[in-house]
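**Q** Below is a structure I'd like to ask you about.
The values are calculated or read from the model by the stated rules, or taken from the named source; none is laboratory data. A quick note: this is a predicted structure, and the numbers were derived from the prediction, not measured. Here the Cβ positions follow ideal geometry from the backbone for every residue, glycine too, while neighbour counts run over all protein chains shown.
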Amino acid sequence: MAISDKPNHWLVRPRTIRRLWIVFGMVLVLTVVLQQIAPVKGYFGVDGWFGFGALFGFFACLAMVLIAKVLGWFLKRGERFYDG
């Protein structure tokens, strides 16, 4: 059996990826909407705002990606770095 004859794993199929985006998006929207039904009592005032968890999670993820990009500039090595 050639490599190209092998069927794609279900997680790399475009249809599955699209469905996962839709499902995860619906879960995120549902968690924010449920905050209307079960209000969150914040400990610091600001964390009790509507949608704070979603916004905090988004900006924390964005910050991690940007920090990783900056670290990549400082830590990367040239293509021939490990050659003898």
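**Q** More than 28 Å from residue 25 (Cβ to Cβ) and either touching a residue at least 24 places away in the same chain (Cβ under 8 Å) or surrounded by 10 or more Cβ atoms within 10 Å (Cβ to Cβ) (or both): is that true of residue 62 in this structure?
**A** Working: more than 28 Å from residue 25 (Cβ to Cβ): no; either touching a residue at least 24 places away in the same chain (Cβ under 8 Å) or surrounded by 10 or more Cβ atoms within 10 Å (Cβ to Cβ) (or both): yes.
No; evaluated as a whole, the condition is false for this residue.
Residue-by-condition table, conditions (1) modelled with pLDDT of 95 or more; (2) exposed (fewer than 10 other Cβ atoms within 10 Å of the Cβ):
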site	(1), (2)
7	no, yes
17	no, no
26	yes, no
40	no, no
48	no, no
76	no, yes
80	no, yes
